[in-house]
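The values are calculated or read from the model by the stated rules, or taken from the named source; none is laboratory data. Everything numeric in this text was worked out from a predicted model, so none of it was measured. SASA here: full protein model, heavy atoms, side chains in, ligands and nucleic acids out. Shrake-Rupley method; radii C 1.70, N 1.55, O 1.52, S 1.80 Å.
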Amino acid sequence: MRNFNRRLVWILVLGLLVFALREIWGMNTASLTPYLSSGMTDVYTLARWTSLAGTLLWAGVYLAFHSYAVAFLFHKIAKMPWRAALVMQTYVLSLLVIEKALIFLLFAVPGVTLSVSIFSFGPLAATFLDMPFLTYFFNQLTIFTALIIAIQYRYVRSFTKISPKVILFVLILLHIAAALLVASLDFVPLDDMLNDFTRGGAGVE
C-alpha cells in the first residue's frame, strides 16, 4: 500500500469526524433532553460539550483498538508480519468507518434513529424473537462483518502457514465471541453505576 501512513492518518481523522458528527446531530444523547425541556440551557449545553468530549475520547480508543491493538494481536498470536497485520486492520478500520458513516446518513436524512443497524440481522431478529439480548447479538453481525472476515482470512492465509479451514473457523468464532461480548455490555447498567459512583455509593442518601 503506497503512502500507508498518510492513508491511515486520514482514516483515523475521518473516523473521529464521523463519531463527532453523530454526537453533534444527537445520536445517543436522548438522556440529556430533560435538561433542555426543563429550561436548564446552561446545564444542557455543558452536558452536550462533555458528551462530545467523551465521544471523541471513546472514538480514539475504538479506532486505535481496531487498528493497532488488533494488528498487534494478529502479529503475536498468528505470527503475522507487523506491517501486514497493520495494513489488514487498516482495511478493516475503513469498513467500520464506512459502516458508521452510512448508518449516520441513513438516520440523519429522515431525522430518525433506530436501536438496530439496517446492515445487520438485528431488525430480522427483533421481528421474530422477543429476547433483547439476541436482538443485540444479531445486531453486531452485519454484512460488513462478513467483509471483514473475508479480508482477515485473505491476509492471515497469505502471511501464515496455518490451515485455511482453521483460520476461517477461528475468525468466525472470534467475531461471534465479540458480538456476544458487545451484546452483554448493552445490559450492564453503566448509567446507574456512574450515578452511584458520583454519589459515593448506592447506599448514600
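Lysines near K161 by alpha-carbon distance under 19 Å, same-chain residues fewer than 8 away left out - which ones?
Within reach: K76, K79.
How much length is gained on full extension from F72 to K161, taking 0.36 nm per residue of separation minus their Cα-Cα distance? Spell out each step's value before the answer.
Details: separation 89, 0.36 × 89 = 32.04 nm, distance 1.80 nm.
Result: 30.2 nm gained on full extension.
In square angstrom, what is the accessible area per residue of segment 72-184 with a 1.4 angstrom probe? All intermediate terms of the calculation are to be shown ahead of the outcome.
Details: 6650 Å² over 113 residues.
Heavy-atom SASA per residue in segment 72-184 reads 59 Å².
Could you give each residue of segment 82-92 its phi-based ³J(HN,Hα) in whole Hz, using Karplus coefficients 6.51, -1.76, 1.60 with θ = phi - 60°, and x for Gly or Pro?
4, 5, 5, 5, 5, 5, 4, 6, 5, 5, 4
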